[in-house]
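Trainee: Let me give you the structure first, and then I'll get to my questions.
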Amino acid sequence: DVKVTQSSRYLVKRTGEKVFLECVQDMDHENMFWYRQDPGLGLRLIYFSYDVKMKEKGDIPEGYSVSREKKERFSLILESASTNQTSMYLCASAPAPDTQYFGPGTRLTVL
Amino acid sequence: GQSLEQPSEVTAVEGAIVQINCTYQTSGFYGLSWYQQHDGGAPTFLSYNGLDGLEETGRFSSFLSRSDSYGYLLLQELQMKDSASYFCALMTTDSWGKLQFGAGTQVVVTP
């Protein structure tokens, strides 16, 4: 079974803080993704990576950056958290981009 | 561009069969995938159709017809635990890496 883990299920941060969300997969997948999911807006792609050190912007990259130093780990960074970044963040891993396996999600609240 | 249309909600009784249709408008795509998401949980990959026809995985089957720009997910022998949102998704050939999701169909299973 594919296993995708995320560093926290719930996280509370203050405005202006730097926030790191980590995602680890154990299936040697090339592709990894970060989404946010908000009521009424569905899943929105923030960034994805198709190889170590490679990254591509998704639909809403503003205010975020990513890091992929090792194949199994993909980190999402909020450089200066803002209240409009309060959301559910979902990481996914995939052998091909159209068959994605999601982690449990991190519910981030920015106060 | 592309868009995916699916019904917003379907209600059925335990033991029944439910078909969730997904119609799309796109000039080219790799395949159609389906995901299940329970309230408060993360999406779970269910099935993928790269070619036309039926794919069966236990009680769930998925179908694709490229000529009709249409696919469906069939849920058989419905159980209470099948109450969830179901999303169709595809990746277009001119947007590699970016999976586009439908808005989701809420399936409500009643006793």
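Trainee: For the range B:49-70, enumerate the residues that are closer than 19 Å to B:SER85 by Cβ and modelled with pLDDT of 95 or more.
Mentor: Scanning the range B:49-70 gives B:ARG59, B:PHE60, B:SER61, B:SER62.
Trainee: Would you call A:THR99 more than 10 Å from the chain's Cα centre (by Cα) and closer than 12 Å to A:PHE33 by Cα?
Mentor: Against the criterion (more than 10 Å from the chain's Cα centre (by Cα) and closer than 12 Å to A:PHE33 by Cα), A:THR99 qualifies.
Trainee: Collect the residues in the range B:71-110 that are outside any strand (DSSP E or B) and either at pLDDT below 95 or under 11 Å from the mean Cα position of the chain (by Cα) (or both), keeping them in residue-number order.
Mentor: Matches in the range B:71-110: B:THR93, B:ASP94, B:SER95, B:TRP96, B:GLY97, B:LYS98, B:LEU99, B:GLY102, B:ALA103, B:GLY104.
Trainee: Against the condition surrounded by 12 or more Cβ atoms within 10 Å (Cβ to Cβ) and either of a type in the set (Ser, Thr, Tyr) or more than 12 Å from chain A (Cβ to nearest Cβ) (or both), how does B:PRO7 come out, does it pass?
Mentor: It is true that B:PRO7 is surrounded by 12 or more Cβ atoms within 10 Å (Cβ to Cβ) and either of a type in the set (Ser, Thr, Tyr) or more than 12 Å from chain A (Cβ to nearest Cβ) (or both).
Trainee: Residue by residue through the range B:91-107, note down the ones that are touching a residue at least 60 places away in the same chain (Cβ under 8 Å), more than 7 Å from every other protein chain (Cβ to nearest Cβ) and surrounded by fewer than 20 Cβ atoms within 10 Å (Cβ to Cβ).
Mentor: If the condition is that a residue be touching a residue at least 60 places away in the same chain (Cβ under 8 Å), more than 7 Å from every other protein chain (Cβ to nearest Cβ) and surrounded by fewer than 20 Cβ atoms within 10 Å (Cβ to Cβ), then B:THR92, B:THR93, B:ASP94, B:GLN106 are the ones that fit.
Trainee: Follow-up question, since we're still on this one. With respect to B:TRP34, determine if the residue is touching a Leu at 6+ places or on another chain (Cβ under 7 Å) and within 13 Å of another protein chain (Cβ to nearest Cβ).
Mentor: yes
Trainee: In the range B:41-90, what count of residues is obtained for those that are surrounded by 15 or more Cβ atoms within 10 Å (Cβ to Cβ), among the hydroxyl-bearing types (Ser, Thr, Tyr), over 14 Å from B:GLY102 (Cβ atoms) and within 14 Å of chain A (Cβ to nearest Cβ)?
Mentor: The number of residues fulfilling the criteria is 2.
The values are calculated or read from the model by the stated rules, or taken from the named source; none is laboratory data. As the structure is a prediction and not an experimental result, all values here were calculated from the model. Note: ideal-geometry Cβ built from the backbone for every residue, glycine included; neighbour counts use all protein chains shown.
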